[in-house]
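Each remark here refers to the structure printed beneath this line.
Where a number appears in this text, it was derived from the coordinates with a stated rule and is not lab data. Everything quoted here is computed from the prediction, not taken from an experiment. Here the Cβ positions follow ideal geometry from the backbone for every residue, glycine too, while neighbour counts run over all protein chains shown.
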Ligand SMILES: [Zn+2]
């Protein structure tokens, strides 16, 4: 219940909202969700003031009707009480490594704050999973498989597009000229209603198993519906733990146009900016290999197989790294389609490393 009073003083009209239904209550609570929105009022219609990470400790002032009043970094606001617990939860949704006959051990990989560019990441609480190949086929190469999207709250946090703070040189999810972009966007929805993040995860698992069987070590960025790692954190973890980085996506067009990779824009300033200057040719070599593999597997390819795009991933990559779009909203994503794509990507990785 909210009591609204309007007071008129010397022609000045003041609307006073009295949160009479929020009795004082002083207790310590924790965020038990991937992330929690701090809002300007006790409703999901109100403005988001901040995004609070999982496990954050909050001093609650009052609560009523499913909403609690808390102060975060000096800002007082409302959070949904449903996602608060009295006991501190685990730091992030745990990623359970898959059982594999080719793996002798697995471990979690966090964002080390000493990694180059680590300080540019904003969502860093999650952990990637490293699969160490223990089979006789082990070839010593590490492939980072990055299931695109799947970071709850990532769309409302902004990170710098380029490490030098310069503006984006092409459009895309974020327009050209912007210096910041969503830390991780939520991704598109297929024409049949399936979320892109679900399909990228399904393909990531298929590709992981194919790579392991072929002798590769695999670094999986995401193994569940949510990992609290933004695009910069994912990229920096890949830079320091893998030999190449493949981010899996589907595009937001609706004409089943085929697969392509996001190539480095032929823009003088962008190609002169580090680390792009040192690595853009290796990104293209990886992208071209993957497209050749997909083509060989019978996957439909869009145009020449690439499209120039200024991406956060590329802007922070210090290993061969691509965002590959495996189709779009109307492309098939059945088990059989993903299996075919997985075979094509494995073929592409083998081509890239010369196996
Ligand atoms: Zn995507």
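Starting with the highest mean, order 204-211, 43-50, 188-195 by the number of other Cβ atoms within 10 Å, averaged over the residues of each peptide.
204-211, 188-195, 43-50
Residues of segment 25-47 with backbone nitrogen within less than 17 Å of a virtual label 7 Å along the Cα-to-Cβ line of residue 59, please, listed as ranges.
Taking a point 7 Å out along Cα→Cβ of residue 59, the residues of segment 25-47 whose backbone N falls under 17 Å are 25-31.
How long is the gain from residue 28 to residue 158 if the chain were fully straight, where each residue apart is worth 0.36 nm and the alpha carbon distance is subtracted?
Net length gain for the segment: 43.9 nm.
Could you order the peptides 142-151, 170-179 from most to least packed, using the average number of other C-beta atoms within 10 Å per residue?
142-151, 170-179
Starting from the Kirkwood radius over alpha-carbon pairs of segment 191-283, derive D by Stokes-Einstein at 37 °C in a medium of 0.692 mPa s and give it in µm² s⁻¹. Could the numbers behind the result be given before it?
Working: Rh = 15.6 Å.
Stokes-Einstein gives a translational diffusion coefficient of 210 µm²/s.
State the extension gain, in nm to one decimal, for the chain segment bounded by residue 213 and residue 167, taking 0.36 nm per residue of separation less the distance between their alpha-carbons.
Gain on extension, residue 213 to residue 167, equals 12.4 nm.
What spacing in nm lies between the two simple spin-label points modelled at residue 110 and residue 307, each 7 Å away from Cα in the Cβ direction?
Calculated label separation equals 3.8 nm.
Which angle between 0 and 90 degrees, to the nearest 10, do you get for helix 335-353 versus the longest principal axis of the chain when only C-alpha atoms count?
Between the helix axis and the principal axis of the chain, the angle is about 60 degrees.
Where does the chain land on the Kirkwood hydrodynamic radius, alpha-carbon pairs, in angstrom?
21.9 Å
How do the peptides 305-313, 242-250 rank, highest first, by the average count of neighbouring beta carbon atoms within 10 Å per residue?
242-250, 305-313
Taking only Cα atoms, what is the 0 to 90° angle, nearest 10, from helix 276-296's long axis to the longest principal axis of the chain?
It is inclined by approximately 70 degrees.
With angles folded into 0 to 90 degrees, how steeply does helix 196-213 sit against the dominant principal axis of the chain? Use alpha carbons for both and round to 10.
40 degrees
How many nm separate the modelled label positions at residue 255 and residue 272, each set 7 Å beyond the Cα in the direction of the Cβ?
The two pseudo-label positions are separated by 3.6 nm.
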